[in-house]
Amino acid sequence: MNERDSEQVAQMLIARGHTITAEAEGADVVLLNTCSVRDLAEQKALGKMGMLRALSRNRPVIYGFLGCMAQSRGAALLREVPHLDLIVGTQKFHRVADYVDQAIERKWAARRDDIRFSVVDVEEEQDSQSTIRDHLLGDKQVTAFVSIMQGCNMHCTFCIVPYTRGHERSRPPAEIVKEVRALVARGVKEVTLLGQIVNLYGRHEFPSFDGKSPFVQLLDALQQTDGLERIRFTSPHPIGFRNDLIESFARLPKLVEHIHLPLQSGSNRVLKAMHRTYTAEKYISLVDRIRAVTPDVAITTDIIVGFPGESEQDYAKTRELVDRVGFDNAFVFKYSKRKGTPASQMEGQLPDSVKEERNQDLLELVNRWAKRRNEIFLGKTIEILCEGASKTNSDRLVGRTRGNKIVVFEGAREHTGNLLNVRIHRCTGYTLYGEPVSR
Ligand code: SAM
């Protein structure tokens, strides 16, 4: 989601005649889009902004923090980082280009830092969810993110998102369909629909119809887009993942067989304290129902270890559930205390050593499953969408399967942007390796 927001800001700056520099060293304007989900992300952004100050030793540079940390800390950031010129929150990305131009004018005229020139805009804005809609596509780019909603009303006790991104607001379906059609006209073949609880898209704005939620109606509409090959979405919440959505995977050929389904914990006691409002049994039954309809589905997840009060028994239940489901992969996070969230005030905060131990242990289990799930593809031929040269070895190409597995292979550059079949001959837990075969 942050990547998508940054793309919107960059697109607007370029439309005004600015250019993107490859290195910070040459920049007249430095904007850091920030994440507040865990403390480490905030510390990294603060550290980086501190280091970047050196750029302005010999010339004026505009510095800005955008996004979640800007939203949650606001003007207080100026005390910590006095060289900041802009602090722009999550509902004001579309204002950044204006603020940059104003800051340039003032700073170039004054030729010095002056805190009085700093702009802080962290206001709420009606319909801001509809302002993330322009794209900056690279050469032969075939995949794109599309933000379909903003905010979250779930109020999980560990999570800062409702405080940084506000309450749920969804974009009208017609606007989303128009955006996707325009992307396809520019060569995009795969879109990923983004929302904090994407499956609950439109629940406050649009009615269900014919037993289908607004989200499923949107998927139906996108299925009709000629030239679009694949539809993904992230992240859904297990609550509200109903039969109409499960059946969509069998009904809609463009909807790929991958679901990122955040679990958070396998212990009912911890899930309750997290305010996740489902049980481990319900989660498993959901996975079973999904797999009954789509046996080849790849399921990935998010898990938090070391939530306040998580006992060894609670943690063992998470392990058990991971083994029962056999995830294709998982992001494992050490619980991070977020200011203003209910969990930050809970008793039983655990020391980092315990979180670290559980983190390592769970990662090991997750990686074992990831390898096992990838081994299923050895000797098989699968369809991939080729995204271009591999970042680690430009002699190779990289693509993704419908199940979101990364496939590295040797082949002609002309494959970029195409769907092709690849026979898999080797794998790790992260990557499949293969060679193209004719379709
Ligand atoms: N909206 C999605 C949901 O609730 O299922 C996930 C969004 S969140 C940005 C991504 C992941 O970060 C969460 O699923 C959770 O595992 C993790 N996370 C959120 N708050 C956290 C915290 N305080 N400490 C550690 N991990 C956290």
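If you split all Cα-Cα distances of region 123-183 into 5 Å bins from zero, what percentages do you get per bin, shortest first?
4, 16, 23, 18, 16, 13, 8, 3, 0
Can you tell me the alpha carbon radius of gyration of region 68-114 divided by the globular rule-of-thumb value 2.2 N^0.38 Å?
Working it through for region 68-114, the quotient is 1.20.
Quick one: which residues, 5 or more positions from VAL119 or on another chain, have an amide H under 5 Å from its amide H? H modelled 1.01 Å from N in the peptide plane, none for Pro or chain starts.
LEU86, ILE87
For region 246-326, what does the relative contact order come out to in percent, with C-alpha contacts under 8 Å and a separation of six or more?
Relative contact order comes out at 42 percent.
Take the Cα of LYS371, step 7 Å along the line toward its Cβ, and report every residue of region 412-439 whose backbone nitrogen sits under 17 Å from that point.
425-433
If ligands, DNA and RNA are left out, what is the accessible area of SER56 with a 1.4 Å probe, given in Å² to the nearest 10?
Approximately 30 Å² of SER56 is accessible to the 1.4 Å probe.
Taking the Cα centre of the chain as the origin and placing charges on Cβ (Lys, Arg +1; Asp, Glu -1), which of VAL119, HIS94, ALA144 is farthest toward the positive end of the dipole?
Checked the options; the winner is ALA144.
I need the phi-derived Karplus couplings for region 62-79: 6.51 cos²θ - 1.76 cosθ + 1.60, θ = phi - 60°, integer Hz, Gly and Pro marked x.
Karplus-based 3J(HN,Hα) across region 62-79 equals 8, 10, x, 9, 10, x, 5, 5, 4, 5, 7, 9, x, 4, 4, 5, 5, 5 Hz.
Take every Cα-Cα distance within the chain, group them into 10 Å bins from 0 onward, and report for each bin the whole-number percent of pairs it holds.
All Cα pairs, binned at 10 Å, distribute as 4, 19, 27, 28, 17, 4, 0 percent.
What number comes out for accessible area per residue over region 334-439 if the probe is 1.4 Å? Units Å², please.
55 Å²
Would you mind checking which residues have amide H under 5 Å from ARG338's amide H? H placed 1.01 Å from N; only 5 or more apart, or other chain.
SER344
Hey, what's region 142-226 come to in accessible area per residue, 1.4 Å probe, Å²?
Working: 3220 Å² over 85 residues.
I get 38 Å² per residue for region 142-226.
Output the peptides 416-422, 327-333 sorted from most to least packed, where packing is the average of other Cβ atoms within 10 Å over each peptide's residues.
327-333, 416-422
Count charges around HIS155 for me, please; just the other residues with Cβ under 13 Å from its Cβ, Lys/Arg as +1, Asp/Glu as -1.
Overall, the nearby charge balance is +2.
Keeping all protein chains in the complex and leaving out DNA, RNA and ligands, what accessible area do you get for GLU435 with a 1.4 Å probe, in Å² to the nearest 10?
So the heavy atoms of GLU435 present about 80 Å² to solvent.
Rounded to a whole number, what % of the accessible area of the chain do carbon and sulfur atoms account for, probe 1.4 Å?
Whole-percent figure for carbon plus sulfur exposure: 50.
Tell me, what HN-Hα J-couplings in whole Hz come from the Karplus equation 6.51 cos²θ - 1.76 cosθ + 1.60 at θ = phi - 60° for each residue of region 288-298, using x for Gly and Pro?
For region 288-298, the Karplus curve yields 5, 5, 5, 5, 5, 8, 10, x, 8, 5, 8 Hz.
Kindly rank 260-269, 149-158, 173-182 from highest to lowest mean number of other beta carbons found within 10 Å of each residue.
260-269, 149-158, 173-182
Could you run the Debye sum over the Cα atoms of region 302-379, one equal point scatterer each and no solvent, and tell me log10 of I(q)/I(0) at q = 0.18 Å⁻¹, two decimals?
Values returned for q = 0.18 Å⁻¹ are -0.73.
Just want to confirm a number: the relative contact order over the chain, from Cα pairs under 8 angstrom separated by 6+ residues, in percent.
10 percent
Under the 0.36 nm per residue contour assumption, what length would be gained going from the current alpha-carbon distance of ILE239 and ARG16 to full extension?
The ILE239-ARG16 span can extend by a further 76.0 nm.
The values are calculated or read from the model by the stated rules, or taken from the named source; none is laboratory data. Since the model is a prediction, treat every value here as computed from it, not as a measurement. Positions of Cβ are generated from backbone atoms using ideal geometry, with glycine treated the same way; all protein chains shown enter the neighbour counts. Only protein heavy atoms, including side chains, enter the accessible area calculation; ligands, DNA and RNA are left aside. Shrake-Rupley method; radii C 1.70, N 1.55, O 1.52, S 1.80 Å.
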